[in-house]
Every structure is written in structure tokens, then in C-alpha cells.
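The values are calculated or read from the model by the stated rules, or taken from the named source; none is laboratory data. Quick caveat, the model's predicted, so the values are computed rather than measured. Here the Cβ is made from the backbone with ideal geometry for all residues, glycine too, and neighbour counts use every protein chain on show.
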Amino acid sequence: MHLFNTISRTIEPFTPIFSDNVVRIYACGPTVYNYAHIGNLRTYINEDTLKRTLEFNGWKIKHVMNITDVGHLVSDEDSGDDKMELGASREGLNIWEMAQKYTDAFIRDIGDLNILLPTIWCKATDHIQEQIELIQKLESLGLTYQIADGIYYDTAKFSDYGALGGQSLEELKAGARVQLAEGKRNITDFALWKFSPADKKRLMEWESPWGRGFPGWHIECSAMAMKYLGEQIDIHCGGVDHIKVHHTNEIAQVEPVTKKRWVNFWFHPEFLIEKEKDGGEGKMSKSKGEFLTLSLLKSKGYHPLDYRFYALGSHYRSKLSFSYPALDGAKQGRQNLIKLVSEIAIEAGNSSTICDQEKLSELEAKMKEIINNDLNTPLLMAFIWNTFKNSDIDAPTKLASTKIVDQLTGLSLIESYQKLLQENQNIPPEVVELANERVNAKKQKDFKRADELRDQVKKCGYKIVDDKSGYKIEKL
Ligand code: AMP
Ligand code: ZN
């Protein structure tokens, strides 16, 4: 298997660090102050493709995902308000209830998208002690300093700082547009522990050796990753926005302590972007315009797997621009695929041959080759279409290959086609006959008769919907 590694900026062969056959993965999870938007969900779909591919290659997976339920400030510069506290006041909810509400919503979303769940979920608020202990270790190494509003990491003291984003500290300083906050030594220094304001009680705060306050955002991932996955991990995931600050800071918090290279592969899927009204391309946002959530798509009649199908159509390292017409295309494409598989299943049921094992192994090997090449999902989808449409491959073999397709894509084709067949079976035979007669009438260009038959079908309470691969009958 080959995978692009952000830190080397090349595609490298992947093998796990340890010989226990387990791939250790840490993925940055959601900040639970609002629903996840479909951009966030694109990243989790791409991480799921990574996991499915690793499993397909025979490795076991230990996947840890955090839930950020504290201390994620609106700005990366450790200033501004706390997103969680803002969310709670917006909703008029107790902050803990709000965190639970959006954690539950997130787990529901990823379940709807057929994303495999992590092995371990961990909440930042359940690991305050581990975060304090890690800050103490950094302090004992002389890497921290205290200013009025908190304990900060002195990035000038970590010589590899910025390597992940491909920039040295000097370059980062030169490129910085923000003013250095009061007392901060370097533009890239970041808060490890923030003090609560003396005159105000925060909704979430804890005692610490440095006083009452709350952890900086970056420390939680380092502390929990070390707790659950040890000193070295195979793959660390998160969207591309995390490269230059969050993940760069995570490395700075771990490597001076362990004196080891922490992460073998950095996996950073690209963003979903929204076309803006002025034609420009904008970042997705929870605050501007229509807030694109999976629930919104569901309320508009899309199945969550339509969105998954849409996401699989683009490579994870390419930006994807969201539009409803494109999502409509994906919806239609998924329906066509399910219909095609249901036809294959019927043909396989009537066939006197059985699955050609040699051909099936060949198809499996080809799919593996495609996905193992840096998770090429668009090519995989094209290959699947071509396979299912290929008249040289017999139906039982095609049908057997759907199991592999489901493993790799998470599209639940088997479940969907079985449901479709079931639904079709409930259609009265006389209606199916009328519909078939209509197909023949159309073939003979007897359109008057075809229209009459369509009307008869309507009178029975059904409608015929024509599509590229034929037609389907639906209840009115
Ligand atoms: P957050 O809840 O903001 O911490 O984001 C959760 C995950 O979604 C992180 O891995 C982010 O990098 C990722 N992410 C944020 N915005 C987008 C976007 N527009 N497209 C894809 N991934 C995103
Ligand atoms: Zn993180």
C-alpha cells in the first residue's frame, strides 16, 4: 500500500511500525459546540476509506478519536472566545448538556454515513490530569514560560518546529501577519494552559499547579494519543487546516518528551469548499449562509450515502466544491448503481453458472491495486461501474464482487439492492406486466399505446420513472 505523507511530501510505501500487525491511528475529532458540517464529514469519510483500505490489506486497527469539548478558542492565536462557552450561551444550554448533544449528533452522522467507529473515543474533559502532566513534563524540559494569561510553549526551543508544514520558525515569523500578543516571545508560541479571568467564573475550569484555568486546545490530542497509543503512532489524521498550527504544535509537545519520531505518516484530506455567490471559492463555515449539515441534506431528500457516493467521486487530496446539482448527480448515480446490482442479482439467480473464482480474485486484485495507490477512489468507482457493465463477466461473479465493493467503499450496495428487490416484489404483478408491455410498445414506436399503459399503471396507484438504465416502478 502507498500513501502520501505530508511530512515528506511524497507518496511512500506504508508498513506499520510494530510487528503486532496493528496500525495505530489517531484522528482529530470534532469540536462539539455545533453540528458537524458536511466539510468536516468529508474528512471523516476519507479517513474511513483509509481505515477500510488498511483492513483490506489484512492489518488490524487501533483507532483513537478525541472529542474536543473544552478550550478551543475561536482564533488559532490563543485569543478570542472559547467556542464551547460561546455555543452554550447561544443555545441557552448547560455546557455539558450542549457537549453531549453535539457528540450524540456527530456519532449519529457518522453512523448514517456508514463510517466505521473508532476503537476508542476520548473526551478532552475526561483527560485534564493527563494534559496537566504533559505540560509539567514540558515545563521540566525548560520549554515553557508564564505570562499574564497562561503558560506558553516557547517554539524557539524546539529545533524541528514547523517541519510538518515545511516552514522553519524564521520563515513562519517572517510570514506572520498578526501582532505578537503581550508577553509572547515568538509569533508561533501557543498556550498550554490558560488562566481563568480573576473576576469571572468560567463554565468549564479546573485547578492546576499554575492556577485555575483550562488547557490549550493542542495539548489534548498529544496527551490522549500518548495515553492510548503509546510513544509512536503509524498514522495521524486531520484536515489540511491542521498542518501548520495544530499538528505542528502537537509534534512540539510530544517529541521533546519521548525523544522519538512520533508519527510515521501524516494523513491530511483536502477541504470541501462552497462556491460563493460572487463566483469565488470560500471555506465552509458554520456561521455564513446555509449551514450545510447532513440533517439538512436528509431533509432535502438525499440519503446520507448519496453524500458518501459524492465524496468518493473525488480524490481525498483534491479540493471538492460543493453544489446541489453535483449532489443530484451523485444521488442518481447511486440509484443507478443499486439498480444495476439488483439486475445482476436477478440474472445471477437465473443463471446456471456459478461464481468464477479466478475472475473474482482478478477483480479483487485490481481493486486492491487501485485503492492501494494513495486511495484512488474516483478510479475505483469507475472500475466498479465498468465491471458491473462488462458483458464478458458473468452475473454470479459480478454479484460476488459486491462484497469487496462494500468493504472498500462503505456504500452498502448489498443491503440497498436487496431492499430494492424487496420493494419491487411488493409491486402487484399486473403492474409489472403493464410496465413491461409499455417497454415493448416503446420499442415498436407505438407511443400512443405506451402512454395508455402508463395511465393504466397510474390508475393502479403506481408511476413509471424512466432512467438511463431502463425504468423503475414507484408507488404514487
Ligand atoms: P473541527 O470540528 O472544526 O475541529 O473539524 C473537524 C475536522 O474537520 C478536522 O479534521 C478539520 O480539519 C476538518 N475540516 C474542517 N473544515 C473542513 C472542510 N471544509 N472540508 C473538509 N474538512 C474540514
Ligand atoms: Zn488534534
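Kindly indicate whether E358 is free of Cβ contacts under 8 Å to residues at least 24 places away in the same chain, in a helix (DSSP H, G or I), charged (D, E, K, R) and not assigned by TED's automatic domain parsing to the domain that holds R308.
No.
Could you please tell me which pairs satisfy a Cβ distance under 7 Å, a separation of 6+ or placement on different chains, a first residue in segment 338-351 that is in the same structural domain as P396 (by TED's automatic domain parsing), and a second residue that is among the small types (G, A, S) and surrounded by fewer than 17 Cβ atoms within 10 Å (Cβ to Cβ)?
K339/S469; L340/S469
Within segment 118-141, is there a residue that is away from ligand 2 (no atom under 16 Å from the Cβ) and under 22 Å from the mean Cα position of the chain (by Cα)?
yes
Of the residues that sit in segment 429-476 and are part of a strand (DSSP E or B) and hydroxyl-bearing (S, T, Y), which one is surrounded by the fewest Cβ atoms within 10 Å (Cβ to Cβ)?
Only one residue tops the list, namely Y471.
Could you tell me whether V257 is farther than 15 Å from C122 by Cβ and within 16 Å of ligand 2 (Cβ to nearest atom)?
no
So which pairs qualify, if the first residue must be in segment 16-45 and without any contact (Cβ under 8 Å) to a residue 60 or more places away in the chain, the second must be within 16 Å of ligand 2 (Cβ to nearest atom), the Cβ gap must be under 6 Å, and the two must be at least 6 apart or on different chains?
Going by the 6 Å Cβ cut-off, the qualifying pairs are T31/T68; T31/H72; T31/K83.
If you check E205 against the conditions, is it under 34 Å from the mean Cα position of the chain (by Cα) and without any contact (Cβ under 8 Å) to a residue 12 or more places away in the chain?
Here the answer is yes, as E205 does meet what is asked.
Would you mind telling me which numbered condition in (1) away from ligand 2 (no atom under 16 Å from the Cβ); (2) small (G, A, S); (3) under 20 Å from F291 (Cα atoms) S19 fails?
(3)
Look through segment 364-415, keep the residues that are among the hydroxyl-bearing types (S, T, Y) and either touching a residue at least 40 places away in the same chain (Cβ under 8 Å) or buried (at least 21 other Cβ atoms within 10 Å of the Cβ) (or both), and return whichever of them is farthest from A311 (Cα to Cα).
If we take residues in segment 364-415 being among the hydroxyl-bearing types (S, T, Y) and either touching a residue at least 40 places away in the same chain (Cβ under 8 Å) or buried (at least 21 other Cβ atoms within 10 Å of the Cβ) (or both), then T397 is farthest from A311 (Cα to Cα).
I'm trying to understand the selection: among the residues of segment 117-135, which are part of a loop (DSSP other than H, G, I, E, B) and surrounded by 15 or more Cβ atoms within 10 Å (Cβ to Cβ)?
Scanning segment 117-135 gives P118, T119.
Does D374 meet the test of being among the charged types (D, E, K, R) and out of contact with any helix residue (DSSP H, G or I) (no Cβ under 7 Å at 6 or more places or on another chain)?
Judged against the criteria, D374 is a match.
Just to be sure I understand the filter: pairs with C-beta atoms under 7 Å, separated by 6 or more residues or on different chains, first member in segment 137-149 and assigned by TED's automatic domain parsing to the domain that holds A223 and under 18 Å from G211 (Cβ atoms), second member modelled with pLDDT of 95 or more and in a strand (DSSP E or B). Which pairs pass?
If the second residue must be modelled with pLDDT of 95 or more and in a strand (DSSP E or B), the pairs left are L138/T144; L138/Y153; L138/L192; T144/I151; T144/Y152; T144/Y153; T144/L192; Y145/Y152.
Would you pick out the residues in segment 15-47 that are surrounded by 23 or more Cβ atoms within 10 Å (Cβ to Cβ), more than 10 Å from ligand 1 (Cβ to nearest atom) and not basic (K, R)?
If the condition is that a residue be surrounded by 23 or more Cβ atoms within 10 Å (Cβ to Cβ), more than 10 Å from ligand 1 (Cβ to nearest atom) and not basic (K, R), then V23, I25, Y26 are the ones that fit.
Go through (1) at pLDDT 85 or above; (2) more than 16 Å from ligand 2 (Cβ to nearest atom) for D69 and report which single condition fails.
D69 satisfies every listed condition except (2).
Counting only residues that are part of a loop (DSSP other than H, G, I, E, B), at pLDDT 95 or above and of a type in the set (D, E, K, R), how many does segment 136-163 have?
Total meeting the criteria: 1.
When you go through L312, L340, L305 one by one, which is the residue that is hydrophobic (A, V, I, L, M, F, W, C) and over 28 Å from H2 (Cα atoms)?
L340
Can you pull out every residue in segment 239-262 that is within 20 Å of the chain's Cα centre (by Cα) and surrounded by 22 or more Cβ atoms within 10 Å (Cβ to Cβ)?
Within segment 239-262, H242, H247 meet the criteria.
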